[in-house]
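Structure first, commentary second.
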Amino acid sequence: MITLFNRAELLIPYDLNRFNRVRDALAGAGIDYTYRTKDLASHNRGRDGNFAINPDARWEYKLYVHKKELDWAKTFLY
């Protein structure tokens, strides 16, 4: 089980396709992971709309694995 205290950040992609490829590779290898998503445009909506936001990098995906499996999980980054 991955908790806040035993997790390590593996990757922060801004591309959904890359996020899914790495996530599928981790699942195929039997590596437990967790992730968080963040809408980077949400804080700008009231002030300047979405004018300055790159639509290809609007979402941030953070992938976490157990600290003990970090080195093994890095082999699945491509």
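The values are calculated or read from the model by the stated rules, or taken from the named source; none is laboratory data. The structure displayed is predicted, hence computed values, not measured ones. The area values use the complete protein model at the heavy-atom level, side chains included, leaving out ligands, DNA and RNA. Shrake-Rupley method; radii C 1.70, N 1.55, O 1.52, S 1.80 Å.
Ordered from highest to lowest accessible area with the whole protein assembly present and a 1.4 Å probe, E60, E9 read as E9, E60. Karplus-derived 3J(HN,Hα) values for region 63-69, using 6.51 cos²θ - 1.76 cosθ + 1.60 with θ = phi - 60°, are 9, 10, 10, 5, 3, 5, 9 Hz; glycine and proline are entered as x.
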